[in-house]
Amino acid sequence: HYKSKHFKPSHHQQYHSGSNPVSSRGLSTRRELYERDFPVYKQPVEVGSFSLDSRRRFFNDARQLRYYVEPDKEPNFDLRDGYKDRFIKRDDSVKEKLDHILRWILANRSKLSSKSAENKSCALDVDFVTWRGHLTKLLTTPYEAREGWLLAVTRFRDTLYISEVETEAARRERENRTGRHEEMMYWGYKFEQYTCADTVHSSPDPGGVVNTNEAFCTVVQTRLADHRLLFSGEVDCRDKDPNAPGPPACYIELKTSAEICTPKQRSNFHRFKLLKWWAQSFLPGVPRVVAGFRDHDGVVVSVETFPISKISHLIKNEQNCWKPTVCMNFCCDFLSFVKQTVTEDDPSVVYLFSYEPHRDVTYSLHRDSQYSFLPQWYMEEITR
Ligand code: A3P
Ligand code: MG
Ligand code: MG
């Protein structure tokens with residue numbers, strides 16, 4: 001599905017007659033409107049990476065990148081081990097917005113702006129800057145019946161910056177998690193510790209501390225139709241084979257999921273889990289997900305690899321299932337809607353786009369509000 005070189009205009013803009021997805025109400029999220037040819041999505045190129053250490057400090061390098069070590073056929077990893085005494089949890093009430101990506105941009109400007117005569121202001125040569133996770137939410141929106149989202153957008157020197165705002169519902173959920181849910185959120189990170197080593201030649205250390213402040217992030221550039229994108233996303237680990245292809249093709253996404261025992265569970269896994277897994281990894285060009293299937297007590301009983309390119313075939317037997325083309329076309333149309341809407345080029349102005357399940361995407365405009373997110377240090381340095 002990646003297009004490597006040339007822009008291929010879609011000759012079949014199969015909007016059903018009289019059903020333009022944009023109306024006075026906003027942007028429609030109805031699936032039928034997005035069932036047309038797959039849009040051009042260029043092979044994502046890694047333009048850099050950065051690391052966040054155990055105290056969430058930024059480093060313009062790959063020091064936190066880990067190496068995947070294939071587990072045993074019958075792993076028996078106990079994901080509950082260490083939850084009480086060897087776990088340092090990131091404070092998720094701290095909202096970092098785009099700050100780490102903006103730091104990366106300042107440290108790597110020469111890779112992004114062409115200092116040509118036409119580009120006197122040294123603007124970035126991209127249309128959108130955002131987190132991969134925000135784009136994942138856009139891709140899954142036509143199928144999202146439970147959780148809404150809020151995305152703040154600011155146009156600054158002709159680049160559109162997209163930063164998520166936590167919804168009231170999400171804040172309430174975060175503040176009212178059960179003990180069981182808190183512990184289950186740890187399981188995914190514990191699985192990473194069982195399967196990742198710090199260096200090419202070392203082994204995983206399940207006796208160590210799990211610190212969820214630590215992260216390795218790739219920064220990729222790509223294009224969706226006529227939208228030039230720059231985004232960053234966390235990467236769990238890479239293939240340790242030195243002959244593996246370069247990034248992002250050597251990267252591996254790790255996941256845990258409840259073991260599948262019934263046809264109903266299999267169907268739900270295809271319809272809901274694989275949608276999220278596909279969207280998250282397809283965007284940055286990460287080619288495979290390694291899944292640890294665990295029982296009710298958090299013991300991993302099997303491990304399976306899912307190549308991202310095979311997921312769309314795996315789900316074809318499900319009736320009424322999600323479609324990659326709907327995800328990508330919706331995202332593309334949302335970005336066009338944002339370009340059309342966010343006209344005022346001013347860092348103190350935020351257009352707040354809002355989605356509630358089964359509704360259209362709408363927006364509101366905010367000047368000098370709590371929603372402004374581009375920091376002074378970024379605007380000062382980039383305009384230099
Ligand atoms: P699982 O994916 O195995 O559930 P990621 O998979 O994106 O690398 O994230 C690592 C882990 O962080 C997840 O492991 C999960 O435990 C936790 N996590 C990520 N996103 C989350 C979310 N929205 N809510 C709760 N936990 C989340
Ligand atoms: Mg991760
Ligand atoms: Mg993961």
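The values are calculated or read from the model by the stated rules, or taken from the named source; none is laboratory data. Please read these numbers as outputs of a predicted model, since none were measured by experiment. So basically every Cβ, Gly included, is an ideal-geometry build from the backbone, and we count neighbours across all protein chains shown.
Identify the single condition in (1) out of contact with any Leu (no Cβ under 7 Å at 6 or more places or on another chain); (2) assigned to a loop (DSSP other than H, G, I, E, B); (3) under 30 Å from Pro21 (Cα atoms) that Pro39 does not satisfy, given that it satisfies every other one. Of the numbered conditions (1) out of contact with any Leu (no Cβ under 7 Å at 6 or more places or on another chain); (2) assigned to a loop (DSSP other than H, G, I, E, B); (3) under 30 Å from Pro21 (Cα atoms), the odd one out for Pro39 is (1).
Inspect the range 174-182 for any residue being over 23 Å from the mean Cα position of the chain (by Cα), modelled with pLDDT of 95 or more, within 16 Å of ligand 2 (Cβ to nearest atom) and on the phi < 0 side of the Ramachandran plot and give the result as yes or no. Within the range 174-182, none of the residues are over 23 Å from the mean Cα position of the chain (by Cα), modelled with pLDDT of 95 or more, within 16 Å of ligand 2 (Cβ to nearest atom) and on the phi < 0 side of the Ramachandran plot. Residues of the range 42-62 that are closer than 22 Å to Leu229 by Cα, part of a loop (DSSP other than H, G, I, E, B) and among the small types (Gly, Ala, Ser): Ala62 alone. Restricting Glu253, Glu234, Glu259, Glu214 to those that are within 16 Å of ligand 2 (Cβ to nearest atom), surrounded by fewer than 18 Cβ atoms within 10 Å (Cβ to Cβ) and closer than 27 Å to Tyr83 by Cβ reduces the list to Glu234. Just one of the numbered conditions (1) within 12 Å of ligand 1 (Cβ to nearest atom); (2) farther than 30 Å from Glu356 by Cα; (3) not in a strand (DSSP E or B) is not true of Phe216: (3). Taking first residues from the range 252-269 that are in contact (Cβ under 8 Å) with a residue 12 or more places away in the chain and partners that are more than 16 Å from ligand 1 (Cβ to nearest atom), the Cβ contacts under 7 Å between residues at least 6 apart in sequence or on separate chains come to Ile252/Asp239; Ile260/Arg266; Ser267/Glu318. Say whether the condition of being outside any loop (DSSP other than H, G, I, E, B), surrounded by fewer than 14 Cβ atoms within 10 Å (Cβ to Cβ) and either touching a helix residue (DSSP H, G or I) at 6+ places or on another chain (Cβ under 6 Å) or at pLDDT 95 or above (or both) is met by at least one residue in the range 63-84. Among the residues of the range 63-84, not one is outside any loop (DSSP other than H, G, I, E, B), surrounded by fewer than 14 Cβ atoms within 10 Å (Cβ to Cβ) and either touching a helix residue (DSSP H, G or I) at 6+ places or on another chain (Cβ under 6 Å) or at pLDDT 95 or above (or both), which makes the answer no. Within the range 243-287, restricting attention to residues that are away from ligand 3 (no atom under 16 Å from the Cβ) and in contact with a Lys or Arg (Cβ under 9 Å, 6 or more places away or on another chain), the residue that is nearest to Cys321 (Cα to Cα) is Ile260.
If you go through the range 240-250 and keep only what is more than 15 Å from ligand 1 (Cβ to nearest atom) and buried (at least 17 other Cβ atoms within 10 Å of the Cβ), you end up with Lys240, Pro247, Cys250.
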